[in-house]
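Q: Encoded as C-alpha cells, here's the structure I'll be asking about.
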Amino acid sequence: MKTLYRIALLPGDGIGPDVVAEAVKVLRAVEPDAPKFEMVELSAGAGEYLRSGDPLPSFTFEHLKEFDAILLGAMGLPTVRWPDGTEMTPQIDLREKLDLFCGLRPIRLFHEAHSPLKGKRAGEIDFLIIRENTEGLFFSRLNRPSPDASDVRDTMRISRNSAERLFHSAFIEARKRRKHVTLVDKANVLPSMAFFRRVFDEISEQYPDVRTDRVYVDAASLYLVQRPESFDVLVTENMFGDILSDLAAGLVGGMGMAPSADVGERYGVFQPSHGTAPDIAGKGIANPIATILSAAMMLEWLGLNQPATRVAAAVAKVMAAGHRTSDLGGNVSTTAMGDLVVAALEH
C-alpha cells in the first residue's frame, strides 16, 4: 500500500467549494488510520471561464493526470453559457477526455423520513445505477449548429467496445452486491438500443451466477417509484442514466444524498450528483453528505477499504440519529454536518 495519495480538488462553482471543504475535513479525520493525503486545489468551471476564457484550462487538465484521484464539487452556472445557449460542463469534458466510461451512482435510503415513498425503511432502497459516460445521446454534444439552422439533430452512438466494457463493469459490481443486473434501454423502438441489448445478452453469458432483467427506460422510471427495492444494479445509456439518477435521488432525500464516481481504466473523478445551486452558495445550508460519500467511494476505488467503510458508517450513524440539513427539512448547517460526521468517525 502506498504511504501517500495525491488528491486533486476541483471545488468548482456555486456550492461546490462549500461541500468539498467538508469532504476534505472528513478525509483529514480518517488520515491517522490511513495513508497520508496530499490535496491540491485546482481551478475549473464557469468561474474559471470568466477569469481566463476557458472552463478547463490545458494546464489544469494536464496537471490532473499526475494525481491518484480527483474530488470534484460542482461546475457550471446558469448565467454563464456558450454562444449556442448550452452551459459550461467541464465535468463532462473530463469524463470524455480521461475516458471515464463507467458512471457509478449509488442510491441508498439512510432514514425513512428522507423518502417521499411511504413505509420505506432505512436500507430498504439500495441500488446502483451504472451509466455509460462517453457516448450515447451525448456523443454529438460538441457539434455546434449554425445560429440560423432550422433543423438541429443529436446523434446517439452505441459502440461495441464501450458497451462491452460497461456491461463487464456492471456484472463485476453486481458480484459485490446481490448478483442482479437490470439492463435499461429502449430496444423496442431504437435500433441503437436493440444493438445495446444484443451486446448485453452476449456479455451476460459470461456471468451465469448473476441474474438479469431487461426493462424499457419508461417502464424503469415507473418501477423505480413503485418497487425500488427490487433493483440491485441498473446499467444504461448516458442520457437515460442522467435522467434516472435524478429520479432515484428523489427517492432517498434528493441530490444532496446522491454521491457518484466516474471511473475508467486509469483515472477516477468523484463528485456529488447535484449541481452548483448558486442561489444557496456561501449561505452554509448546502448538504455535504453526497460529497462526503463520494469521498468514501474515492477511498474504496484507491483500495483504502477500511477508511471508506468507516466514512460510510459514520454517515449512516449521523443520518440515523435524525440530523438534517435544510434540503431534508432540518436546520443543520453545512459545516455542522461535516463536524457531525467527523465526530461519528472519532467515536
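Q: Arrange the following residues from fewest to most other Cβ atoms within 10 Å of their Cβ: R108, R165, R153.
A: Taking fewest neighbouring Cβ atoms as first place, the list is R153, R165, R108.
Q: Then there's this: Put +1 on the Cβ of each Lys and Arg and -1 on the Cβ of each Asp and Glu in region 201-248; which of Y207, V233, L247 then has its Cα farthest toward the positive end of the dipole?
A: Sorting the options by dipole projection puts first L247.
Q: Continuing with the same structure: Please sort by residue number the GluC sites (Glu not before Pro) in region 258-347 whose DSSP state is loop and whose Cβ has at most 12 other Cβ atoms within 10 Å.
A: E265
Q: Now for a separate question. Pairs of alpha-carbon atoms within less than 8 angstrom and 6+ residues apart define the contacts here; what relative contact order does the chain have, in percent?
A: Over the chain, the number comes to 22 percent.
Q: If we restrict to alpha carbons, what Rg and Dmax does region 142-260 come to, in Å?
A: My reading of the Cα-based Rg and Dmax gives 16.0, 54 Å.
Q: Based on the alpha-carbon set only, what is the convex hull volume of region 195-308 divided per residue, in Å³?
A: Given the Cα convex hull of region 195-308, per-residue volume reads 159 Å³.
Q: Further question on the same structure: When the convex hull of the C-alpha atoms of region 44-146 is computed, what volume per residue in Å³ does it have?
A: 163
Q: Then there is this: Only counting other Cβ atoms within 10 Å, I'd like D54, D185 sorted with the fewest neighbours first.
A: D54, D185
Q: Under the √(5λ) rule applied to the eigenvalues of the Cα gyration tensor, what semi-axes describe the equivalent ellipsoid of region 1-46? Give them in Å, descending.
A: 23, 13, 5
Q: What's the percent breakdown of Cα-Cα distances in the chain across 20 Å bins, shortest bin first?
A: Percent of pairs per bin, in order: 31, 60, 9, 0.
Q: With a 10 Å Cβ neighbour count serving as the proxy for reagent exposure, in which order, fewest first, do T276, T236, T89 appear?
A: T89, T276, T236
Q: Counting each DSSP H run of 4 or more residues in the chain as -39500 (n - 2.57), what helix-only mean residue ellipticity at 222 nm follows after dividing by all residues, to the nearest 500 deg cm²/dmol?
A: It lands at -12000 deg cm²/dmol.
Q: Continuing with this model, one more query. Based only on Cα atoms, what Rg/Rh ratio does region 305-347 have, Rh being taken as Kirkwood's radius?
A: 1.00
Q: What is the set of long-range amide H partners of G73 at a cut-off below 5 Å, with H atoms built 1.01 Å from backbone N?
A: Amide H neighbours of G73, under 5 Å, 5+ apart: L10, G12.
Q: Note down the net charge around E112, summing +1 for each Lys or Arg and -1 for each Asp or Glu among other residues with Cβ under 12 Å from its Cβ.
A: +2
Q: On to the next question. Can you list the HN-Hα couplings for region 129-139, worked out from phi with the Karplus curve (6.51, -1.76, 1.60; θ = phi - 60°), rounded to whole Hz and with x for Gly and Pro?
A: For region 129-139, the Karplus curve yields 8, 10, 10, 5, 10, 10, 9, x, 6, 7, 4 Hz.
Q: If N is the number of residues in region 1-81, what value comes out of its Cα radius of gyration divided by 2.2 N^0.38 Å?
A: Ratio of Rg to 2.2 N^0.38 Å for region 1-81: 1.18.
Q: Let me ask something additional. Mind checking the dipole of region 168-299: about its Cα centre, +1 per Lys or Arg Cβ, -1 per Asp or Glu Cβ, Debye to the nearest 20?
A: Dipole of region 168-299, to the nearest 20 debye: 280 debye.
Q: Once phi is turned into ³J(HN,Hα) by the Karplus curve 6.51 cos²θ - 1.76 cosθ + 1.60 with θ = phi - 60°, what whole-Hz value does each residue of region 63-70 show in order, with x for glycine and proline?
A: So the J values, rounded to whole Hz, are 5, 4, 5, 7, 9, 7, 6, 10.
Q: Sticking with this one: Which lysines does K36 reach when only Cα atoms under 30 Å apart count, and residues fewer than 8 places away in its own chain are ignored?
A: Filter leaves K2, K25, K65, K97, K176, K317.
Q: How much net charge surrounds A312 when only the other residues with a Cβ under 11 Å from the Cβ of A312 are counted, with Lys and Arg +1 and Asp and Glu -1?
A: Here the count lands on +2.
Q: Find the Cα radius of gyration of region 80-128, compare it with 2.2 N^0.38 Å by division, and give the number to two decimals.
A: Compared with the compact-globule rule of thumb, region 80-128 sits at 1.81.
Q: Okay, moving on. Using only the alpha carbon atoms of region 91-198, find the Kirkwood hydrodynamic radius as the inverse mean reciprocal pair distance, in angstroms to one decimal.
A: 16.5
Q: With N set to the number of residues, divide the alpha-carbon radius of gyration of region 34-95 by 2.2 N^0.38 Å and report two decimals.
A: Taking N as the residue count of region 34-95, the ratio is 1.23.
Read the figures in this text as sums done on the coordinates, not as results from a lab. All of these numbers come straight from a predicted model, not from anything done at the bench. Every residue, glycine as well, gets a Cβ built from its backbone with ideal geometry; the counts of neighbours run over all protein chains shown.
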